[in-house]
Amino acid sequence: MIDPTKLLRSALLALALLFLAPVGVGGTLLGVEAAQAATVSKISVIGNKQVDTSAVVKYLALKVGDEATAAKISASVDALQATGLFKTVNVGMQGSVLVVRVSENPVVASVLFEGNQRFSDANLIAMIDIENRGTVDQPALDRDVGTIKKAYQDAGYNTVEVTTRLEPVGDGRDRVVFVINEGGRVGIAAINFTGNNAISAWTLKSIIKTHETGWLSWLLHDDSYTQDQLDQDRVLIQQYYANHGYPDAQVTSAVAEYNADRKGYFITYTIVEGDAYKFGKIGVETSISGLDANTLTNTVRTREGDRFSATDMTRSAQDMAVEATNLGYPFADVRPRIDRDPSGGVIGVTYLVDEGQHLYVERINITGNTKTRDFVIRRELGFAEGDPFSRALVAQGKANVEALGFFSKVDVNVEQGSAPDKVVLDIAVTEQSTGSYGVSAGYDTEAGILGELSIEERNFLGRGQYIKASLGASQTGKTVDFSFTEPYFMGLKVSAGVDAYRHIVDETTTNYYGTTSTGAQLRFGLPVTRDVTAQFFTGIDQTVVADSNPTDSLFFTNGQVLNKAWVGYSLTYNTLDDQKHPTEGLYGTFSQQYDGMSYNFVKTEAKARYFMPVLPDAGLVGSLEAQAGIINTLGSSSLNPVEAFNYGQTLVRGFQVQGMGPRTSGQPLGYTEYAGASAEATFPIPMLPETYGLRGAVWADAAIIGGAGATTPIDANSIDQPLKSSVGASIIWDSPFGPLRGDVAYVISKATADKTQMFTLTLQTLL
């Protein structure tokens, strides 16, 4: 059946062409002979004021000498309209002259914002494109409005309204004003889970990105609801279950409902956990001739009897493929074969190592890095153009780039190259802020009121270098620190850094003497294995003693200068699952350092802390810590109390700094030997939202100390009990300035002269 409307349109178009009548409504003008298109002898542009005529002509699909067909005229109109420079465009032939009539969009004179409080003008300017375009293009302007609305909605302002107002300022220029009605901020009143029997709601709340509105939400802005975030949270929950023994767990729904009375969203995640599994038998098989499967077993993270973890299984396969590459088999492909036994609740895994397809990396394209240099990303990949292609190496390289902390998002896509055996890698990154400056203040039971001003940049000049400078002050002293690290010294996978400092400790009623220490240190670090890193360091220090009351100190005089030079090394072993809030793994260090010039001794220390989940469903994490140290003087030299061990509360909580160990006339001498152990259990505090960042802990410490930092008669009441022990409880707060912990301690055993304190407030460290 013939459409009458289409028939009428065709007749009118044919009539227009027949009579060479110029038609130009809504942006097109056709004036072409019916029998033969006219040849363009000249191009005339009318109506342009801001846009140069040559620029208009450049966009046309027609040039002088071309035949002015209807198709080319239409293409010219489309090209001009696509520039966003013109309100209307009319193109047509008048005889042999191609006439282009345009009405220009106004030029952007300036961009203003009204009503914005959540985002600054600078933040909003960075979101939109209108200044980059230079002209007022309504469709593009509408896109900018949408961008601003989404930013507000992501920040919890779900009722935001954004409109635009154009204010002519003359000469074809308009001031563009974005009028923003932010409305009330809508937070998250509650997050609920159903179906979670094995893992507690507190634990699940701690791993997702969506958080309930808490007392720090005004600062952190972490309580906004977005559907995208909810979708990401579903993935995070399923991944957590899959890594904690529940490979079949599913989040069947994530629903957000707005409650007008609470002025917030109620979010509910529905979970089907499935059955729990442990690892069964673990094996490695290979079909590659010459490759011994036994040489790959050291890369396996999974152990029989351990709780099933999808991530550990995947990483084992990746590590195995990388190891095979290092052994001379670059195309090795590792796939885990799963043997599930539901009745026994075990999953056996056999890692199959086969020869994969022989592919090579033809090209690596990197986009999105406006600040970070390409080479910073490329060196983390572990491969380059022309190298054999391995999905395991790509996965590891992607993880390495993410671990830099420079990017909020890293996407890697593999495309077919110019030949069947070649691939192209497209790496798209989204940069995030790597610099910060901070002003912090707090209270320490040893130093009193303290504060710090610091400037830090983790990607200095886009070269991946780390730099930090800080000024600190407390009631007992002042500090100036500077640090710089080059992660790839001379292009090698060796980090090199320099530290410089000036530390002033005032003479007080508790410090028998003051010191001013100025020093610097060079250090080099390199990876030894997947979990072990080594560091070598050397430095110099000069310490000047201040003792205004000569009767206070028995070992120093006012103005005495102590010079020190040192060289040493340290080994670090790290298998923690999380560096900030570990629940599993071991973190340990071993170090030795020789000190010379005014001294002549070797200091050796070993520390280790093991984390384990005690009640995963309740968020209860246990840790065991052991540490020991010894100072050996060389030759006939003697030690100085300044260089002796004086750990106090860092060894056994409940003791003051310089509060334990041998004394003479009441003055601390420090000690040359120690061995200590600690047990701690941390847990979420019931009834408190996880966004408060508060956890509780109970612990027990014990240590034995021996030796003295000087050869002198020792007060008998200071060494009548070498065993120091205490128990206590703590509150740990993940503050914006770092993890703070307040410890309440009860000392069980001590020497008579030891000095104790019931409460301490300190920054938390792993060791």
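The values are calculated or read from the model by the stated rules, or taken from the named source; none is laboratory data. This structure is a prediction, so every number in the text was calculated from the model and none was measured. Counting neighbours? That spans all protein chains shown, and the Cβs are built from the backbone with ideal geometry, glycine included.
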Exercise. Does residue 692 satisfy the criteria of being among the aromatic types (Phe, Trp, Tyr) and touching a Phe, Trp or Tyr at 6+ places or on another chain (Cβ under 6 Å)?
Worked result: no
For this session: Could you grab me the full set of residues in the range 303-313 that are surrounded by 20 or more Cβ atoms within 10 Å (Cβ to Cβ) and either small (Gly, Ala, Ser) or assigned to a helix (DSSP H, G or I) (or both)?
Result: 309, 313
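This table checks each residue for (1) in a strand (DSSP E or B); (2) touching a residue at least 24 places away in the same chain (Cβ under 8 Å); (3) of a type in the set (A, V, I, L, M, F, W, C).
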site	(1), (2), (3)
330	no, yes, no
354	yes, yes, no
361	yes, yes, yes
371	no, yes, no
377	no, yes, yes
386	no, yes, no
392	no, yes, yes
Exercise. What helices (runs of 4 or more DSSP H), lying completely within the range 81-176, carry at least 2 residues that are in contact (Cβ under 8 Å) with a residue 60 or more places away in the chain and farther than 30 Å from residue 44 by Cβ?
Worked result: 138-154
Exercise. Looking at the range 720-746, which of the residues that are over 38 Å from the mean Cα position of the chain (by Cα) and either crowded, with 19+ Cβ neighbours inside 10 Å or of a type in the set (Ser, Thr, Tyr) (or both) is nearest to residue 209 (Cα to Cα)?
Worked result: 746
For this session: Return the pairs, sorted by first residue and then second, in which the second residue is small (Gly, Ala, Ser) and part of a strand (DSSP E or B), the first residue lies in the range 261-279 and is closer than 30 Å to residue 343 by Cβ, the beta carbons are less than 7 Å apart, and the residues are 6+ apart or on different chains.
Result: 269/254; 270/253
Exercise. Of the residues 669, 634, 688, which is closer than 19 Å to residue 554 by Cβ, without any contact (Cβ under 8 Å) to a residue 60 or more places away in the chain and aliphatic (A, V, I, L, M)?
Worked result: 669
Seminar exercise, completed: The one condition residue 349 fails out of (1) under 28 Å from the mean Cα position of the chain (by Cα); (2) modelled with pLDDT of 90 or more; (3) not in a loop (DSSP other than H, G, I, E, B) is (1)
For this session: Within the range 148-170, track down each residue that is small (Gly, Ala, Ser) and under 31 Å from the mean Cα position of the chain (by Cα).
Result: 151, 155, 156
Problem set entry | Residue list for the range 399-432, restricted to those being without any contact (Cβ under 8 Å) to a residue 60 or more places away in the chain and closer than 15 Å to residue 361 by Cβ | 412, 413, 414, 415, 416, 417, 418, 419, 420
For this session: Return only the number of the condition from (1) under 23 Å from residue 391 (Cβ atoms); (2) crowded, with 16+ Cβ neighbours inside 10 Å; (3) at pLDDT 90 or above that residue 271 does not satisfy.
Result: (1)
For this session: Run down 533, 589, 543, 583 and say which single residue is in contact (Cβ under 8 Å) with a residue 40 or more places away in the chain, of a type in the set (Val, Ile, Thr), under 30 Å from residue 684 (Cα atoms) and not assigned by TED's automatic domain parsing to the domain that holds residue 311.
Result: 589
Exercise. Is it the case that some residue within the range 314-323 is part of a loop (DSSP other than H, G, I, E, B) and of a type outside the set (Asp, Glu)?
Worked result: no
Seminar exercise, completed: The residue that is modelled with the lowest pLDDT, considering only those in the range 493-515 that are under 23 Å from residue 643 (Cβ atoms), part of a loop (DSSP other than H, G, I, E, B) and of a type in the set (S, T, N, Q), is 510
Problem set entry | Number of the exception - residue 490 against (1) at pLDDT 95 or above; (2) closer than 24 Å to residue 467 by Cα | (1)
Exercise. What are the residues in the range 177-203 that are of a type in the set (Val, Ile, Thr) and either part of a strand (DSSP E or B) or touching a strand residue (DSSP E or B) at 6+ places or on another chain (Cβ under 7 Å) (or both), if any?
Worked result: 177, 179, 180, 186, 188, 191, 194
